[in-house]
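Notes follow the structure.
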Amino acid sequence: QVQLVESGGDLVQTGGSLRLSCVSSDSSSWFRIKTWHWYRRPPGTQRELVATITTSGSTDYSESVKGRFTISRNNVARTVYLQMNSLKPEETGVYYCKEPLSGVWGQGSLDTVSS
């Protein structure tokens, strides 16, 4: 089963930036044909979909992050990224990448935005 490993979580101040990475154990051939998601779960709430990137590179974002977050992928490195700018305290939480075809989740990356 594919495994996903996230990194890049940290403590930042309001308005700061973070870049998350999600490395897949998939081969490059499998990785490149999959769609990838980033979710987040603020404390005490359910996970919510934040960003999606398809095999063609098309992207989609939740309304709350449009214009501030950017999802991207590197098929050779088998990695999905989430660049997060202008972060807000309410965006504190655990961020997960997910491969929807298999339903596999990463272990999560804790991001804390201080006010």
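The values are calculated or read from the model by the stated rules, or taken from the named source; none is laboratory data. As the structure is a computational prediction, the values presented were derived from the model and not from experiment. As a convention, Cβ positions derive from the backbone with ideal geometry for all residues, glycine included, and neighbour counts pool all protein chains shown. Side chains included, ligands, DNA and RNA excluded: accessible areas come from the protein's heavy atoms. Shrake-Rupley method; radii C 1.70, N 1.55, O 1.52, S 1.80 Å.
Some points to look at:
- Boolean, Val50 is of a type in the set (A, V, I, L, M), at negative phi and without any contact (Cβ under 8 Å) to a residue 60 or more places away in the chain: yes
- Residues that are within 11 Å of the chain's Cα centre (by Cα) and more than 23 Å from Asn75 (Cβ to Cβ), drawn from segment 96-110: Gly108
- Flag set for Leu110, criterion: surrounded by fewer than 20 Cβ atoms within 10 Å (Cβ to Cβ) and either aromatic (Phe, Trp, Tyr) or in contact with a Gly (Cβ under 6 Å, 6 or more places away or on another chain) (or both).
- Some residue of segment 88-107 being open to solvent by 40 Å² or more (accessible area, probe 1.4 Å), free of Cβ contacts under 8 Å to residues at least 12 places away in the same chain and part of a strand (DSSP E or B): no
- Residue among Ser62, Ser72, Ser21, Ser17 that alone is under 16 Å from Ser86 (Cβ atoms), surrounded by 14 or more Cβ atoms within 10 Å (Cβ to Cβ) and of a type outside the set (D, E, K, R): Ser62
- So Gly8, is it over 15 Å from Tyr96 (Cα atoms) and out of contact with any Asp or Glu (no Cβ under 7 Å at 6 or more places or on another chain): no
- Residues of segment 35-55 satisfying the condition of being more than 23 Å from Val113 (Cα to Cα) and either among the aliphatic types (A, V, I, L, M) or at pLDDT below 95 (or both): Ile53
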